[in-house]
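Structure incoming, see below.
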Amino acid sequence: VPFDAPTPTGCGIADPATETAFYCVLDATIYYSVEFRELLEDNIGDFAWVVVVAHEWGHHVQLLLGDDAGVLAWQIGKTPSVAMEQQADCLAGAYTDGAEFSGWLDPGDVDEA
């Protein structure tokens, strides 16, 4: 769900002044700042944005695996664990690898990621 002004979510208010992109475990939704997406796409490329979404989707996979405690802690203002963030990064990398293997990527997409 894109937002360019303070927006209510299942996890509280998403504010583009303080949030870029996040997964809310309470409503199973990815929220993102329109400005952040435009910044990435304009300065890095469109696939950089895909990796951000894949990372946030990785938090949903963690929830499905039962590893939601670190993500929920983040949603209530605590610092997420490094391991939870690295696992979400790993899942985004697995998506990228699968997309490349399937021929879905454009030349340069891996470099953008």
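The values are calculated or read from the model by the stated rules, or taken from the named source; none is laboratory data. Since we're looking at a predicted model, the values are computed, not measured. Counting neighbours? That spans all protein chains shown, and the Cβs are built from the backbone with ideal geometry, glycine included. The accessibility values were calculated without ligands, DNA or RNA, using every heavy atom of the protein model including side chains. Shrake-Rupley method; radii C 1.70, N 1.55, O 1.52, S 1.80 Å.
How much solvent-accessible surface does SER102 expose, in Å² to the nearest 10, with a 1.4 Å probe and all protein chains in place?
About 70 Å², rounded to the nearest 10.
So for GLU56, GLU38, what's the accessible-area order with a 1.4 Å probe, most first?
Values: GLU56 15, GLU38 95 Å².
The most accessible residue leads, giving GLU38, GLU56.
How much accessible area does ASP42 have with a 1.4 Å probe, in Å² rounded to the nearest 10?
Probe radius 1.4 Å; accessible area of ASP42 about 130 Å².
Still on this structure: Using only protein heavy atoms and a 1.4 Å probe, report how much of ASP67 is accessible, in Å² to the nearest 10.
Number for this one is 60 Å².
Taking Cβ-Cβ under 4.7 Å as the only way to count a partner, pick out the unpartnered cysteines of the chain.
CYS90
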